[in-house]
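The values are calculated or read from the model by the stated rules, or taken from the named source; none is laboratory data. As the structure is a computational prediction, the values presented were derived from the model and not from experiment. All Cβ positions, even for glycine, are placed from backbone atoms using ideal geometry, and neighbour counts span all protein chains on display. Note: accessible area is taken over every heavy atom of the protein model, side chains too, but ligands, DNA and RNA are not part of it. Shrake-Rupley method; radii C 1.70, N 1.55, O 1.52, S 1.80 Å.
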Amino acid sequence: MTTTFPDRSATTTTASSAAPAAAPRTTARMSALVEEIRAVVDRGLAPGLTAERVGELLAPHLGAEDLLTPEQQEGDASCYRQHVLHAERDGSFSVVALVWLPGQETCIHDHVSWCVAGVHQGEESEVRYALAPGSDRARLRAVAEVVNGLGDVAGFAPPGDIHKVRNSCGTTAISIHVYGADVTRLGSSIRRIYLLSED
């Protein structure tokens, strides 16, 4: 299954209703990583600790030529592209590859669950935000700007997971994301989209 995100709204490409969708083809390395992630998720740890442990498992696989198939590395000229690599049957986690062409970015958003992201190829810039109390409403405040290169891993668990990600390099960037939810059932990993106030 492939999902693209034009104009900040998710659209999903699925098989026709006449035939059931085929399971995504994965590499042996990805299948082994999924088994390792399953063992951690099945422990039922707190979300932040689960994200930390999954990040430790993901890191050694980043940059490996046999992690993704050629099809799972294809981008889309109109927006960043999501390739679903695995969705656990019980909905407890999913693994996706996001392929970013130069300049492509997300909106400012948070997530439906804990999440881990690791750079597999290229470089991604990330701005992390916090909600700061205001006189009439909370406002977004940038708290960190990070450049994530090959092999870098970040893990988050709500709250405290608001960010915007952008391919800031001159070539294709690919990152592997693991979410503590089934993004194929939910349609997206994004819980809320945030807008920066003008004042």
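At a 1.4 Å probe radius, which order do CYS115, CYS169 fall into by accessible area, largest first?
Largest accessible area first, the list is CYS169, CYS115.
Going by Cα centres, the stretch 150-168 and the stretch 54-85 are how many Å apart?
Cα centres, the stretch 150-168 to the stretch 54-85: 15 Å.
Can you find, among VAL119, LEU45, GLN104, the residue farthest towards the positive end of the dipole of the stretch 39-135? Put +1 on the C-beta of Lys and Arg, -1 on that of Asp and Glu.
The listed residue farthest towards the positive side: LEU45.
Please report the net charge: other residues with Cβ closer than 12 Å to the Cβ of ARG166, K and R +1, D and E -1.
Result for the local shell: -4.
Taking a probe of 1.4 angstrom, what is the accessible area of GLU124 in Å², to the nearest 10?
10 Å²
Can you list residues whose amide H is under 5 Å from LEU140's amide H, if they're 5+ apart or on another chain and H is modeled 1.01 Å from N?
Placed amide hydrogens put ALA132, SER197 under 5 Å from LEU140.
Determine the relative contact order of the stretch 115-164: mean sequence separation of Cα pairs under 8 Å and six or more apart, normalised by residue count, in whole percent.
50 percent
Give me the base-10 log of I(q)/I(0) for the stretch 71-183 at each q in 0.15, 0.16, 0.17 Å⁻¹, Debye formula, one uniform scatterer per Cα, rounded to two decimals.
-0.66, -0.75, -0.83
Dipole of the stretch 54-199 (Lys/Arg Cβ +1, Asp/Glu Cβ -1, origin at the Cα centre): which of SER94, PHE156, LEU140 lies farthest to the positive side?
Value computed over the given set: LEU140.
Can you compute log10 of I(q)/I(0) for the stretch 24-64 with the Debye formula, treating each Cα as one identical point scatterer, at q = 0.15, 0.24 Å⁻¹?
Taken in order of the listed q values, log10 I(q)/I(0) reads -0.37, -0.81.
Excluding ALA97 itself, what net charge comes from residues whose Cβ is under 15 Å from its Cβ, given Lys and Arg +1 and Asp and Glu -1?
Surrounding charge for ALA97 is -3.
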